[in-house]
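This report refers to the structure that appears directly beneath it.
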Amino acid sequence: MNTPQDTHGPDIRLHPPIIYAISILSGIGLNNLWPQTMPCDIYGRTWGILLIALAIVIAVWALLQFHKADTDVRPDKPDSSLITSGPFRFTRNPLYIVLTLTQITTAVWLNNLWIVLLVIPSVVVITFYAIAREERYLERLFGQDYLDYKKRVRRWL
């Protein structure tokens with residue numbers, strides 16, 4: 001669906017990957033002070049490779065949808081289309097799921113429980129800082145089409 005070009009976007013200045021990077025680095029710092037390992041032997045390359053492979057598949061699938069819709073993936077740029085295909089049929093925020101999986105993958109790879117525990121604040125910050133702004137923006141831009149999409153598809157999973 002094409003709409004008139006909006007020149008403002010959802011007003012997200014701090015890019016979401018930076019929020020996750022801060023969380024990961026905080027977990028590394030906490031682990032240096034008070035080491036906490038992953039429970040149940042869920043750590044190492046095998047688990048890390050499986051998780052990052054899943055994240056890559058979802059990311060590529062989502063990015064292809066942005067490319068097909070000819071709209072910018074960056075949250076600080078205006079949208080030209082409402083994307084409801086590909087992974088967006090199952091979640092309104094597949095790229096935030098990818099970032100969350102990346103944080104979990106880092107924890108698994110480094111055997112660092114702190115990074116996993118900091119997923120909770122990462123998700124809370126992303127939800128209230130980025131997703132809430134994006135949702136308000138998309139409601140203004142796409143109106144009833146976006147409201148209908150919100151009713152059909154969950155925010156996360």
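The values are calculated or read from the model by the stated rules, or taken from the named source; none is laboratory data. On a predicted model such as this, the values are computed, not experimentally measured, just so you know. For neighbour counting, all protein chains shown are included, and Cβ atoms are generated from backbone atoms with ideal geometry for every residue, glycine included. To get the accessible areas, we keep the full protein, side chains included, count just its heavy atoms, and leave off ligands, DNA and RNA. Shrake-Rupley method; radii C 1.70, N 1.55, O 1.52, S 1.80 Å.
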**Request:** Taking a cut-off of 18 Å between Cα atoms, list the lysines near residue 77, but don't count ones fewer than 8 places away on the same chain.
**Result:** 68
**Asked** Which residue, 35, 75, 17, tops the fluctuation ranking in a GNM of the chain built on C-alpha contacts under 10 Å?
**Response** 35
**Complete:** Taking Cα atoms only, Rg over Rh for segment 1-84 with Rh from the Kirkwood formula is 1.13
**Prompt:** Pairing the Cα long axis of helix 16-33 with the longest principal axis of the chain, what angle in degrees results, from 0 to 90 and rounded to the nearest 10?
**Reply:** 10
**Prompt:** Using the reciprocal of the averaged 1/r over all distinct C-alpha pairs, how large is the Kirkwood radius of the chain in Å?
**Reply:** 16.6
**Most positive-pole-ward Cα, 103, 21, 48, against dipole of segment 1-116 from beta carbon charges** = 48
**Whole-percent carbon and sulfur share, accessible surface of the chain, 1.4 Å** = 65
**Asked** Under the rule of -39500 (n - 2.57) per DSSP H run of 4 or more residues, summed and divided by the residues of the chain, what mean residue ellipticity at 222 nm is obtained, to the nearest 500 deg cm²/dmol?
**Response** -18500 deg cm²/dmol
**Complete:** Mean-square fluctuation maximum in Gaussian network of the chain, Cα pairs under 10 Å, restricted to 41, 72, 11, hits 41
**Request:** Describe numerically, in nm with one decimal, the distance between label points set 7 Å from Cα along Cα→Cβ at residue 26 and at residue 117.
**Result:** 1.2
